[in-house]
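All of the numbers you see were taken from the coordinates with simple rules; none came from a lab. All figures in this text were calculated on a predicted structure; none of them were measured in a lab. No Cβ is skipped: glycine too gets one built from the backbone with ideal geometry, and neighbour counts run over all protein chains shown.
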Amino acid sequence: MGRKPRWNSEIVDVAGDDLIPVMRAGHLVPVARSQVQWAQTQGDYVCLHVPGESYLARIPLTYLAERWAEYGFVCTHREYLVYFPLVTDLWRGPSGYNVRLGSGRDAVDIPVARRRVEELKQRWIHQRQHHGNETPPTT
């Protein structure tokens, strides 16, 4: 219980929202879980993508995935974690399935591991049905 994590970024829960300290312009600033749209591993770091910016934190993606699962975050691939309510499309491209976050020029396509396709299709369908949009995934 008192064991300290082996990474540098300590997550702090403030009013029900996780805050992760990251460096920006030489200063330590907190990034809230509620701001994160998706995350990607980069070596020993995870890149947290928030609207208009990205931050590196030294914390395992697997730890974030486990900690944030109850808030709607899903691993689409071993290197990617997405806030699933922001997914606007699930589609099959030439190299496999992807999820899309956003639309237009701001859209981001994130790969889906083959082993996760069926699970994410079901989640996508369930999400669309519960938000009044029954658009099936593109196959």
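For the range 12-130, with equal point scatterers placed on the C-alpha atoms only and solvent neglected, what are the log10 I(q)/I(0) values from the Debye formula at q = 0.21, 0.22 1/Å, to two decimals? Evaluating at q = 0.21, 0.22 Å⁻¹ gives log10 I(q)/I(0) of -1.25, -1.34.
What net charge do the residues around Val112 carry, taking every other residue with its C-beta under 15 Å from that of Val112, with Lys and Arg at +1 and Asp and Glu at -1? Let's see the in-between values first.
Working: positive: Arg78, Arg92, Arg100, Arg114, Arg115, Arg116, Lys121, Arg123; negative: Glu79, Asp89, Asp109, Glu118, Glu119.
Local net charge: +3.
With neighbour counts taken as other beta-carbon atoms within 10 Å, the residues Tyr97, Tyr71 rank, fewest first, as Tyr71, Tyr97. If a paramagnetic tag sat 7 Å from the Cα of Asp106 along the Cα-Cβ line, which residues of the range 60-93 would have the backbone N under 17 Å from that point? Those under the cut-off are 83-89. Within the range 1-98, the trypsin sites (Lys or Arg not before Pro) that combine a DSSP coil assignment with at most 14 other C-beta atoms in a 10 angstrom radius are Arg3, Arg6, Arg78.
Comparing Val87, Pro111, Ala15 along the charge dipole axis of the chain, the residue lying farthest to the positive side is Pro111, per the Cβ-charge model.
Give, as a single signed number, the net charge of other residues whose beta carbon lies under 10 Å from the beta carbon of Thr41, with Lys and Arg counted +1 and Asp and Glu -1. Here the count lands on -1.
From its DSSP helices (H runs of at least four residues, each -39,500 (n - 2.57)), the chain gives a residue-normalised ellipticity at 222 nm of -5000 deg cm²/dmol.
Given R₀ = 25 Å, FRET efficiency for Gln122-Val50 by Cβ-Cβ distance, to 0.05?
Details: r = 28 Å, r/R0 = 1.12.
Step by step, r from the Cβ atoms, then E = 0.35.
Overall, the chain carries a charge dipole of about 360 debye about its Cα centre when +1 sits on the Cβ of Lys and Arg and -1 on the Cβ of Asp and Glu, all other atoms neutral.
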